[in-house]
Amino acid sequence: MRLVFLGPPGAGKGTQAKRLVEALGVIHVSTGDMLRAAVKAGTEMGVAAKRHMDAGGLVPDDVVVGIVADRLREDDAQAGVLLDGFPRTIPQAEALDAILDGDGTPLDTVVLLEVPDELIVERITGRRTDPETGAIYHLTFDPPPEAVADRLVQRDDDTEPKVRTRLAAYHAQTAPLVPYYAAQGKLSRVNGVGPMDGVTERLLAALKG
Ligand code: AMP
């Protein structure tokens, strides 16, 4: 199964992807996570990508397409993948179609996780990550247990001005993927507002349908 999670930053794609991969028997491929790992490792690509990420803009298409193409060639990706945060532009979507069609494993479904802009800023600015486990919490909506609260960190790009820039990038560059995949008959829309368990249930129902 080859799936894409589409939606604005802060829609819950990463959180929901982590919950779903086991049930679906696929691996979670997040370009944001892979780019942050490259930044942390201080690779040449990471250093170049950080400039774009810190500014709230997108990393160039050829860089992210290269990362994803390499990841899709690995053994554990053969059973299926859930792509989270990729593609984010039409050229990325065209490159993905070319890779998957070339491998004889075309994209099955694209799920658009819909959350209105006004909720996004509130969600992202309260988001915190546990650097030890990778678990994601929200200070108000999903408060962390006391034992881990002190070690949580905020992503560098989760501040309000950067969220607004990232939302603008989403509307300008990523939203055109909605009609792109609708025209292929692959788009499902899922309401991303409300308690997380409810969103997970709606996602599973959409994917089974
Ligand atoms: P995310 O964790 O998906 O919100 O991604 C964090 C940041 O990484 C984004 O704001 C971009 O700067 C960069 N990024 C992640 N995925 C992509 C992509 N597919 N294309 C371009 N930039 C990306």
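The values are calculated or read from the model by the stated rules, or taken from the named source; none is laboratory data. Owing to the predicted nature of the structure, the values given are computational and were not obtained by experimental measurement. With ideal geometry, Cβ positions are generated from the backbone for all residues, glycine too; neighbour counts draw on all protein chains shown. Remember, those area values only see protein heavy atoms, side chains included, never the ligands or the DNA or RNA. Shrake-Rupley method; radii C 1.70, N 1.55, O 1.52, S 1.80 Å.
The residues of the range 45-59 that are assigned to a loop (DSSP other than H, G, I, E, B) and open to solvent by 50 Å² or more (accessible area, probe 1.4 Å) amount to a single one, Ala55.
Residues in the range 1-49 that are charged (D, E, K, R) and either in contact with a helix residue (DSSP H, G or I) (Cβ under 6 Å, 6 or more places away or on another chain) or under 17 Å from Ala69 (Cβ atoms) (or both): Arg2, Arg19, Asp33.
Looking across Ala135, Ala205, Ala172, one residue alone is open to solvent by less than 80 Å² (accessible area, probe 1.4 Å), free of Cβ contacts under 8 Å to residues at least 12 places away in the same chain and within 18 Å of the chain's Cα centre (by Cα). It is Ala172. Could you say which residue among Tyr181, Tyr170 is over 22 Å from Val39 (Cβ atoms) and of a type in the set (Phe, Trp, Tyr)? It is Tyr181.
Considering only residues that are in contact (Cβ under 8 Å) with a residue 12 or more places away in the chain and more than 14 Å from the chain's Cα centre (by Cα), look in the range 74-91 and name the one that is nearest to the ligand (Cβ to nearest atom). Across the range 74-91, the extreme among qualifying residues is Pro91. Where residues in the range 140-164 are loosely packed, with under 15 Cβ neighbours inside 10 Å and among the β-branched types (Val, Ile, Thr), which of them is nearest to the ligand (Cβ to nearest atom)? Among those residues, the one meeting the criterion is Thr159.
Considering each residue of the range 18-30 in turn, at least one proves to be modelled with pLDDT under 95, in a helix (DSSP H, G or I) and within 13 Å of the ligand (Cβ to nearest atom).
The residue that is nearest to the ligand (Cβ to nearest atom), counting only those in the range 50-73 that are in contact (Cβ under 8 Å) with a residue 40 or more places away in the chain and charged (D, E, K, R), is Asp54.
Pro116 satisfies every condition listed in (1) within 15 Å of the ligand (Cβ to nearest atom); (2) open to solvent by 30 Å² or more (accessible area, probe 1.4 Å) except (1).
Each residue in the range 66-107 was checked for being over 23 Å from Val178 (Cβ atoms), among the basic types (Lys, Arg) and open to solvent by 50 Å² or more (accessible area, probe 1.4 Å), and 1 of them qualify.
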